[in-house]
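So the structure is just underneath, and the comments pick up after that.
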Amino acid sequence: MKTILIVEDEETISRVLAVYLKHEGYEVLQAYDGGEGLGLFAQRKPDLVLLDVMLPGMDGWSILKEIRKTSACPVIMLTALGDIDYRLKGLNQGADDYISKPFVGEEVVARVNAVLRRSSNVLDTENEKQFGSLKINMDSHVVTVNGEKVVLTPKDLSLLLFLAERPNRTFTREDLIESVWGMDYDGSDRAVDLSVKRIRQSLAAWPAEQGEIRTLRGLGYQFSVYDK
């Protein structure tokens, strides 16, 4: 059973959404302000968040930003604001969908089902890739796990960036030597094994259920990422 977290300060709306989602077979968590919502998110790790934009205290944009620091969990924004700028803001900041109030309960359920069907543990934007709690900025080359910066040697970083750009694809040592070390490299291909070992150590805090660099015996290495 998948779990949906509703962060909505209007109790009537939250209650209606909960009824529809429970009828669909989802487990439902309800929070009525941003702090409570983030607490439940960290504690229960839901499969999807329905997030109201206009909340008392911490607004939906701030909550979305906090969620995206550590998770690629799907987020659908709920708001009475119909302006296209708000819609684009939500999508550009990492929201997966956007529903304007007033809405029909069946529509929300349909959107939730659709987002969960297409969602995975991966968030891929123009300059940033997120695999669960592992986040890689492809422009600044900053790597973090659970918001904590990971320090890598230049060559290890280059190898990680190459693999992260091509998740779930398998590469031989020769492929990686040619692509990362360069055609003129004349050292041992064991350099790949040692680099992978160091990267794994550096990413030790990245939960194994979210992904890993796998060794495929006789084939090579694969940056494997998994559905939640």
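The values are calculated or read from the model by the stated rules, or taken from the named source; none is laboratory data. Values in this document were obtained by computation on a predicted structure and should not be read as measured data. Neighbour counts are summed over all protein chains in view; Cβ atoms, including those assigned to glycine, are modelled from backbone coordinates with ideal geometry. Keep in mind that these areas ignore ligands, DNA and RNA; they rest on the heavy atoms of the full protein, side chains included. Shrake-Rupley method; radii C 1.70, N 1.55, O 1.52, S 1.80 Å.
Can you list which of the chymotrypsin sites (Phe, Trp or Tyr not before Pro) found in the stretch 165-201 are DSSP loop residues with at most 14 other C-beta atoms within 10 Å? Write out the running numbers ahead of the final one.
Working: sites: Phe171, Trp181, Tyr185; in loops: Tyr185.
For chymotrypsin sites (Phe, Trp or Tyr not before Pro) across the stretch 165-201 that sit outside H, G, I, E and B with at most 14 neighbouring Cβ atoms in 10 Å, the list reads Tyr185.
The Kirkwood hydrodynamic radius of the stretch 170-228, based on inverse pair distances between different Cα atoms, is 12.4 Å.
Taking the empirical scaling 2.2 N^0.38 Å for compact globular proteins as reference, the chain has a Cα radius of gyration ratio of 1.17. Rolling a 1.4 Å probe across all protein chains gives Arg214 an accessible area of roughly 90 Å².
Can you sort Asp52, Asp96 by 1.4 Å-probe accessible area, starting with the largest?
Details: Asp52 5, Asp96 45 Å².
Largest accessible area first, the residues go Asp96, Asp52.
GNM remark for the chain: springs join alpha carbons under 10 Å apart, and the peak mean-square fluctuation among Leu176, Leu194, Leu50 falls on Leu194.
Could you order peptides 135-142, 67-74 by the average number of other Cβ atoms within 10 Å of their residues, highest first?
In descending order of packing, they fall as 67-74, 135-142.
For Lys22, a cut-off of 15 angstrom between C-alpha atoms picks up these aspartates and glutamates, skipping any fewer than 8 places away in its own chain: Asp47, Glu106, Glu107.
Across the chain, C-alpha contacts under 8 Å between residues 6 or more apart give a mean separation that, scaled by the residue count, equals a relative contact order of 15 percent. Considering all C-alpha pairs of the stretch 1-60, those separated by over 13 Å amount to 55%. The alpha-carbon of Lys149 sits under 25 angstrom from the alpha-carbons of these lysines, leaving out residues fewer than 8 places away in its chain: Lys45, Lys65, Lys69, Lys129, Lys135, Lys197, Lys228.
With all protein chains present and a 1.4 Å probe, how do Ser202, Ser179, Ser195 order by accessible area, largest first? Walk me through the numbers on the way to the answer.
Details: Ser202 45, Ser179 70, Ser195 0 Å².
So the residues, ranked largest to smallest area, are Ser179, Ser202, Ser195.
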